[in-house]
Amino acid sequence: MIVDVSQIRDARRWLMLALGVFAQTSSSIFIHGTPFLLPALTARGDSLASAGALVALPTMGLVCTLIAWGYVVDKIGERVALVAGALLMCVAGIGAALVDSPIAFAALLFVGGMGAGSSNSASGRLIVGWFPPDRRGVAMGIRQAAQPLGVGIGAMTIPWVAQHHGISSALLVPAIMGGLAAIGCLIGVIDPARPPTKAADRANPYRGDSTLWRIHAVSILLVIPQGTLWTFGLLWLHSDLGWSLAAAGALMTVTQFLGAAGRIGAGAWSDRVGSRLTPLRQVAIAAAITMAALAVTTWTDWWWAAVPLMVAASVISVSDNGLAFTAVAEIAGPFWSGRGLGIQNTGQNLAIAFVPPVFGAVIAATGFPTVYALAAVGAAAAIPLVPRSPRK
């Protein structure tokens, strides 16, 4: 019997992608699913600003460790980082479900976010290492689809668990996912082969070149609309439009699945045109337009237009992530991509961490149209920053 080595490698390639997607999905549920606790937190008497600060703690934990996880990936490997991070997230989530102290609960949210940060760099590096450039855009789009997929699962499960079994118990959802991810990565992940070491490969790609810094800045600005809709979309539908939590959660879940498809489509687009940055610019333009239109229709009470625009803006605002992520990994190279992706995610998640408390206070003072308009301004500011060539 003749064994086709290329088929075996191709099967392993897709297995690595599946494990990376699962690890990133569990991370996304912990980081971006906790804002779905906002209705339960405000119902028990917390102010929107204080509740927003609490649900931002996992993101803050993630921000504090992303570059460190990137260093672990660069120096030790993807498998170790994926297993260790998922295990830490699992333990923290279970602990949060068991403790009675509000301080301990908050601290465990922070620690869980620290563990969740590992998959951001490690799963991206795993996929870039296993897939060739002409298939990398689609593969990274599938990997980036894990983020809205995790948000969708969180929207479907966390509000229901919090309503029927308590806020602490809702943290068991990402904790169980994290435990399964740790087991899967321990058994199945194989670190990709690295090219022979060259001095040029180890050179700092940030010195004397603005390309990576500009991509980071673009991603920070474009994550503001994304974070705004992920954090407050459910609350807006429930409190302003009077939707039930079940109906609002269902729509948010649908938007996340559509967003996942949008990321895959954007990756395929970038493979076809041979550029990650040209599609990135177009996504930034579309995000600015749809968020501005959402602000106007919300302000004028045109709910019949505002809801479809919210769905469209949710899809568009997540479509840039895979493009920027792939561009950073490719430009940074095999010996810097872990840290490059860590810096990329640090900036994005730092911005997302400030969205719940800051925009929560703005909503309490002025309403939802203002934050939608501010998010549109952020997207518009990103457009001229997108580099026009891979190296500039």
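Some notes on this structure:
- Of all residues making up segment 45-68, the number that are without any contact (Cβ under 8 Å) to a residue 60 or more places away in the chain and not in a helix (DSSP H, G or I): 2
- Cross-chain or 6+ apart pairs with Cβ under 6 Å, segment 198-225 first and over 14 Å from Trp336 (Cα atoms) and surrounded by fewer than 16 Cβ atoms within 10 Å (Cβ to Cβ), then at pLDDT below 90 and among the hydroxyl-bearing types (Ser, Thr, Tyr): none
- Selection over segment 69-101 of residues that are assigned to a helix (DSSP H, G or I) and over 18 Å from the mean Cα position of the chain (by Cα) gives a count of 21.
- Filter result for the condition that a residue is small (Gly, Ala, Ser), under 11 Å from Thr228 (Cβ atoms) and modelled with pLDDT under 90, over Gly322, Gly360, Gly347: Gly360
- Condition broken by Gly152, with the remaining ones in (1) surrounded by fewer than 24 Cβ atoms within 10 Å (Cβ to Cβ); (2) over 17 Å from Leu341 (Cβ atoms); (3) at pLDDT below 90; (4) under 20 Å from the mean Cα position of the chain (by Cα) satisfied: (1)
- From the options Ala266, Ala287, Ala246, residue that is farther than 25 Å from Ala332 by Cβ and either out of contact with any His (no Cβ under 7 Å at 6 or more places or on another chain) or surrounded by fewer than 16 Cβ atoms within 10 Å (Cβ to Cβ) (or both): Ala246
- The residues on offer are Leu82, Leu38, and the sole one that is closer than 19 Å to Pro159 by Cα and either of a type in the set (A, V, I, L, M) or crowded, with 21+ Cβ neighbours inside 10 Å (or both) is Leu38.
- Criterion applied to Ala139, Ala104, Ala155, Ala122 was being in contact with an Asp or Glu (Cβ under 7 Å, 6 or more places away or on another chain) and in a helix (DSSP H, G or I), and the one residue passing it is Ala122.
The values are calculated or read from the model by the stated rules, or taken from the named source; none is laboratory data. All of these numbers come straight from a predicted model, not from anything done at the bench. Neighbour counts run over all protein chains shown; Cβ positions are idealised from the backbone, glycine included.
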